[in-house]
Amino acid sequence: MSVRNQLKLLVGGLAAGRRGPVSAAPGAPFREFLDQSRVVAGLIFILTVAVIVLISSVGVNTVNVPVLPNQLATVQVVASAPFSYLSEEKTRVAREQALGRVPPVYRIELAPLQQFEAAAREILAKLAAFEETHPANSASVTFTNRNAALQALADQFSAARPYHVTGEDLASLLAAGDAAARATFFDNGLAALREIYGSGVHDAALGGAGPEGVAVFQIVRPGGQVSLRPVQSLEDALTFLRVTLAAEGIPRPAAQALFRFFRNGVTANLVFDRDATQQRVQGVLAGLQPVPANVARGQTIIEAGERVTPEQYEMFRAYQEYLRTHGNVERGEGLTLFGHVLLVLAMVLASLLYIRLEDPETLRRNGRLGLLAVVVIINLALVRLVYSVGGAEFFLHDSAWASTLPYVAPTALAPLIVAILLDAGSAIFMALLISIFTGVIYGNRLDLLVITFLASLVAIFGCRHASRRTRVLSAAGTGGLTVAAFAALIGIAEQTPVDTLVREMSAGLLGGVVTGIAVVGFLPVLESLFKRTTDITLLELTDYNHRLLRRMQLEAPGTYHHSLVVAQLSENACNAIGANPLLARVCALFHDIGKIPHSAYFTENQRDRVNPHDAMDPEDSARRIMQHVPDGADLGAKHRLPRAVIDVIWQHHGTSRTRYFYERAVATAAARRSASALTRRAEAEAEPPAVPDAAYRYGGPKPQFKESAVISLADGVEAASRSLRSATPAQLGQIIDRVIGERVADGQLSEAPLTFEDIARIKNSFTFTLLNMLHARVAYPEGEKAGETKAQG
């Protein structure tokens with residue numbers, strides 16, 4: 001339809017609405033113009049593309065993509081300008097190298113020498129005392145007894161000291177000379193030990209071999225000075241001791257015994273000095289300066305598809321800081337604005353093609369298109385908001401927490417809303433759209449696209465036919481659990497640290513719960529804004545304690561009972577033709593609420609058989625009867641009933657005629673004409689009197705959707721079947737055929753999307769339901785009934 005014709009429809013519709021006797025819903029032509037105008041649809045398309053481009057491109061570039069060390073990069077980052085920074089990684093490497101060059105500091109420990117010198121003096125004194133008590137040439141001391149006594153002396157010494165000596169060695173020392181000679185031998189041995197200890201003895205485990213195999217160590221002197229000194233090994237010290245003792249002209253047996261004894265005093269006396277070493281380390285660190293790093297323009301900072309090293313990660317963070325300070329971002333960085341426009345256009349056009357193929361009704365209704373546009377914009381705006389939070393200082397300095405943000409983003413928000421308000425097919429495509437743009441915003445992350453799309457599908461599957469808000473929360477939570485599970489699998493494959501992995505899984509679960517809460521909060525607003533009604537709202541309206549239903553029970557009980565029967569008939573019939581049975585039930589319960597203010601004018605509420613229409617003109621009676629439609633719409637709007645319910649209130653009578661009062665008016669007019677003009681009796685009998693038909697017809701509109709048409713038919717069938725106490729299938733079939741035939745002949749179903757097959761199924765459903773409602777009871781004899789009552793009492 002052209003714009004000109006649409007404007008004519010708008011103006012003409014408003015004018016026609018004012019001419020009707022009982023006007024249709026106020027503002028209906030204008031709403032129809034907004035809902036069907038292609039101009040409005042074009043504006044929705046342009047606005048949607050512009051807003052999505054704005055959300056997904058402005059301020060989004062590869063520099064803002066969250067990057068984690070040791071993970072695969074999804075985009076390439078190239079320096080757009082030269083910059084320099086102080087590299088902590090290079091400084092750390094330099095520090096480690098410098099510390100590796102700092103040798104440990106040792107001190108020479110003399111306590112073992114002093115301890116052995118005391119033991120040597122003691123054994124020397126004991127040998128002198130032994131020689132006096134056990135002279136070698138004494139006839140009273142045998143050789144055997146003397147050797148046993150020496151062995152006992154050696155065992156006693158070895159047990160009391162950490163040194164080992166044998167009786168044979170003591171006998172060799174006694175045989176080498178007198179006490180003075182032995183003292184000289186011991187003094188020479190102790191002098192050699194003092195020289196060995198003064199130079200230092202190191203264990204082979206310390207290493208420290210110098211250029212020519214000489215061990216060199218940092219030795220701290222008593223004054224605190226540290227110097228490099230050669231230190232002999234334990235083997236070298238023993239060799240020096242052997243040579244020194246052999247050069248004194250001592251007999252060979254005595255020299256060997258003396259060496260075996262003095263060997264006990266040779267031990268490693270090089271001890272690690274922790275305090276001195278730490279002082280040297282602190283001195284080196286104090287002189288170490290931070291290492292600068294220079295990055296040239298065009299240098300690749302991060303390569304796509306490669307694992308990010310700590311050095312690259314530091315360079316990337318420095319590049320981010322440089323850009324925040326200088327604001328120098330090249331136009332070629334990341335996706336260009338033109339590329340974003342092309343991507344958005346492609347995705348939106350793909351969405352329109354999908355809708356054109358799978359759900360053409362949405363493409364014809366701007367309200368449905370507007371709903372899709374609004375939810376996708378809100379969803380992408382929330383994803384972008386979460387992305388922007390990553391620029392906070394906390395996340396900039398903690399990459400583990402920054403990695404959780406993509407999993408917190410509520411990517412299943414729009415798919416869940418669309419699945420509940422429209423259909424699952426549109427929701428699935430919406431999930432793909434949101435997931436693609438989420439992956440683009442976070443740096444072309446394919447893993448994020450797959451995870452979010454899968455989670456949205458799980459959530460859509462869980463909320464299908466949702467009639468309770470807890471079902472929505474459960475579905476969203478299941479989607480969050482899916483995100484957590486697959487984030488864990490990907491993290492394990494990429495060797496993500498455990499603490500980061502736990503945070504990402506927790507973020508996925510939290511995102512699911514928050515999404516569910518947000519969906520529950522958004523649904524009432526979107527239902528009211530776009531005149532959509534969910535099964536959740538419908539189920540709440542089936543509560544018989546609703547204020548309008550309670551008022552109907554008290555003020556119009558006959559109408560209330562009529563509404564219950566119509567609701568049962570409509571629900572079963574909609575089940576039979578594949579329409580929404582819950583919507584039909586709710587709309588049927590409220591379709592006659594306009595009768596509440598003037599319930600006495602309707603036959604089903606006239607309990608005392610007083611009919612006010614007997615004293616009224618037929619046209620006034622018809623006007624009073626038809627007034628229940630606008631009155632019902634006003635009550636529905638006042639009590640915020642869904643748009644679908646109010647539409648049924650307007651449509652359930654269509655433009656049908658109030659047949660009883662019309663025929664009464666015709667009869668009255670005929671009688672008046674007969675009384676005033678007897679000469680024209682023949683003409684009066686030949687043609688009916690002229691009664692204006694428009695005054696006796698409802699203002700409409702006719703039923704526009706299946707549920708409304710079914711309720712209109714059920715309303716007429718229920719009223720026609722009231723005269724039957726009990727019924728046979730044949731009787732009911734005749735009544736149902738007559739009522740539906742009259743509605744079809746009058747054109748009341750001409751705008752409803754019902755097929756002949758649907759009408760046949762509706763008839764069968766009506767027959768089945770009414771047969772069960774109007775079933776006969778066994779007539780008990782009076783005596784049996786009285787006896788049964790008494791027995792029950």
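The values are calculated or read from the model by the stated rules, or taken from the named source; none is laboratory data. The model shown is predicted, which means the values in this text are computed figures rather than measured ones. We place every Cβ from the backbone using ideal geometry, glycine too, and count neighbours over all the protein chains shown. Calculation scope for accessible area: heavy atoms of the full protein, side chains included, ligands and nucleic acids excluded. Shrake-Rupley method; radii C 1.70, N 1.55, O 1.52, S 1.80 Å.
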Open item on the list: For V291, what residues show an amide H to amide H distance below 5 Å, using hydrogens built from the backbone and excluding near sequence neighbours?
Closed with: S87, T91
Task: Accessible area expressed per residue, the stretch 539-595, with surrounding protein chains retained (probe 1.4 Å, Å²) - done: 35
TODO: Express in nm, to one decimal, how much length is gained between R607 and A304 on full extension, taking 0.36 nm for each residue of separation and deducting their alpha carbon distance.
DONE: 100.8 nm
Open item on the list: Is there a quick way to get the dipole size of the stretch 446-590? I mean about its Cα centre, with the Cβ of Lys and Arg at +1 and of Asp and Glu at -1; what is the value in debye to the nearest 20?
Closed with: 560
TODO: Using the Cα centre as the reference, give the magnitude of the dipole from point charges on the C-beta atoms of the stretch 246-309 (Lys, Arg: +1; Asp, Glu: -1; all else neutral), rounded to the nearest 20 debye.
DONE: 260
Open item on the list: Under a crude label model (7 Å from the Cα following the beta-carbon direction), how far is F461 from D203 in nanometres?
Closed with: 6.5
TODO: Positive end of the charge dipole of the stretch 566-682 (Lys, Arg +1 and Asp, Glu -1 on Cβ, about the Cα centre): tell me which of T668, L569, T655 has its Cα farthest that way.
DONE: T668
- [ ] Can you tell me the FRET efficiency between A488 and Q279 if r is taken as the Cβ-Cβ distance and R0 is 45 Å, rounded to the nearest 0.05?
- [x] 0.40
Task: In Hz, Karplus ³J(HN,Hα) per residue of the stretch 734-741 (6.51, -1.76, 1.60; θ = phi - 60°; x = Gly, Pro) - done: 5, 5, 5, 4, 5, 4, 5, x
Open item on the list: Using 0.36 nm times the number of residues separating T470 and E757, minus their current alpha carbon distance, what extension gain do you get?
Closed with: 99.6 nm
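Quick one: if you take sqrt(5λ) for each eigenvalue of the C-alpha gyration tensor of the stretch 227-309, what semi-axes come out, biggest first, whole angstrom?
That gives 60, 17, 12 Å for the three semi-axes.
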- [ ] Just order 280-293, 256-269, 174-187 by mean Cβ neighbour count inside 10 Å, highest at the front, would you?
- [x] 256-269, 174-187, 280-293
TODO: Quick one, can you get me the convex hull of the C-alpha atoms of the stretch 488-533 expressed as volume per residue in Å³?
DONE: 81
Task: Highest to lowest packing among 452-460, 586-594, scored as the average C-beta count within 10 Å - done: 586-594, 452-460
Open item on the list: Under 5 Å between amide hydrogens, which residues at least 5 positions from V231 or on another chain qualify, with H placed 1.01 Å from N in the peptide plane?
Closed with: A215, V216, F217
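With a 1.4 Å probe and all protein chains left in place, how much accessible area per residue does the stretch 410-535 have, in Å²?
It amounts to 40 Å² per residue over the stretch 410-535.
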TODO: For an R0 of 41 angstrom, estimate the FRET efficiency from the Cβ-Cβ distance between L554 and N764 and round to the nearest 0.05.
DONE: 0.70
Task: Amide H partners (placed H, <5 Å) of I250, local residues excluded - done: none
Open item on the list: Students sometimes get this wrong: rank W650, W401 by accessible area, probe 1.4 Å, all chains present, largest first.
Closed with: W401, W650
Task: Dipole magnitude (debye, nearest 20) for the stretch 573-667, charges at Cβ of Lys, Arg, Asp, Glu - done: 300
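Given a Förster distance of 25 angstrom, what is the FRET efficiency for A191 paired with R260, based on the Cβ-Cβ distance and rounded to 0.05?
0.85
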Task: Extension gain, D620 back to L724 (0.36 nm per residue minus Cα-Cα distance, nm) - done: 34.5 nm
Task: Simple spin-label estimate for H639 and R229 in nanometres, 7 Å along Cα-Cβ - done: 10.5
- [ ] Treat each spin label as a single point 7 Å out from the Cα along the C-beta direction, and report the R738 to S388 distance in nm.
- [x] 6.9
